[in-house]
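Structure record follows, encoded as structure tokens.
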Amino acid sequence: MRIIAIDGPSGAGKSSYAATLGLPIVPTDHFATWDDPVAWWPRLVDGVIKPLLRGEPGRYRRMDWSGGVPALGPEVVVEPTEVLVVEGVSAGRRAATPWLSQLVWVEAKDALERAVARDGEASRADLVRWKEFELGWFQVDGTRERADLIVQR
């Protein structure tokens, strides 16, 4: 199995880019919360990546935001596939390097405003905090510098 990571700042257009590939997608948005932007990684590795690499279905419980507070929601089953896209902030983290076939970095100059347009004005304060976090995360992780392809939206 090959894994393509599509990473970059929130609001850059990662999800829409990933959708153009016509491949199965596991979004990091199914795992992350405002308070846990990246520490959820073992759930993805143990529940999805490792089983798929063995040719078995992957399973995880996606975050459910319907009650206004994130909680683990329904189980998602990911069937074995030749190519899987992991899309979202931190998808191409350095820890993923052993499994990645390709790392795509997506960026946009107006990413914050795009994210606010997507999530609503009420989310602006959370998105500003998130942007501060991801700026530090990407600098430490060196994600953009390791990308095989850079897409500007």
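Within the stretch 72-95, being over 21 Å from residue 36 (Cα atoms) and either in a strand (DSSP E or B) or among the basic types (Lys, Arg) (or both) holds for 77, 78, 83, 84, 85. Can you name the residue in the stretch 52-68 that is at pLDDT below 95 and assigned to a loop (DSSP other than H, G, I, E, B) and, of all such residues, is surrounded by the fewest Cβ atoms within 10 Å (Cβ to Cβ)? Among them, the one singled out is 68. Selection within the stretch 96-153: residues that are among the β-branched types (Val, Ile, Thr) and either in a helix (DSSP H, G or I) or more than 15 Å from the chain's Cα centre (by Cα) (or both). The member of this set that is nearest to residue 44 (Cα to Cα) is 143.
For the stretch 111-153, a residue qualifies if it is acidic (Asp, Glu), touching a residue at least 12 places away in the same chain (Cβ under 8 Å) and farther than 20 Å from residue 33 by Cα, and exactly one does: 148. For residue 3, the conditions (1) more than 30 Å from residue 116 (Cβ to Cβ); (2) in contact (Cβ under 8 Å) with a residue 24 or more places away in the chain; (3) assigned to a loop (DSSP other than H, G, I, E, B) all hold with the exception of (3).
Say we look at the stretch 55-94 and pick out the residues that are β-branched (Val, Ile, Thr) and farther than 20 Å from residue 15 by Cβ; which of these is farthest from the chain's Cα centre (by Cα)?
Within the stretch 55-94, the subset β-branched (Val, Ile, Thr) is 69, 76-78, 81, 83, 85-86, 89.
Those still in the list that are farther than 20 Å from residue 15 by Cβ too: 69, 77.
On the way: 69: 20, 77: 17 Å.
Per the stated criteria, the residue is 69.
Here residue 86 does not qualify as more than 18 Å from residue 151 (Cα to Cα), modelled with pLDDT of 95 or more and β-branched (Val, Ile, Thr). How many of the residues in the stretch 33-51 are modelled with pLDDT under 95 and crowded, with 17+ Cβ neighbours inside 10 Å? Looking only at that region, the number is 1.
The values are calculated or read from the model by the stated rules, or taken from the named source; none is laboratory data. Just so you know, these numbers come straight off a predicted model, no measurement behind them. So basically every Cβ, Gly included, is an ideal-geometry build from the backbone, and we count neighbours across all protein chains shown.
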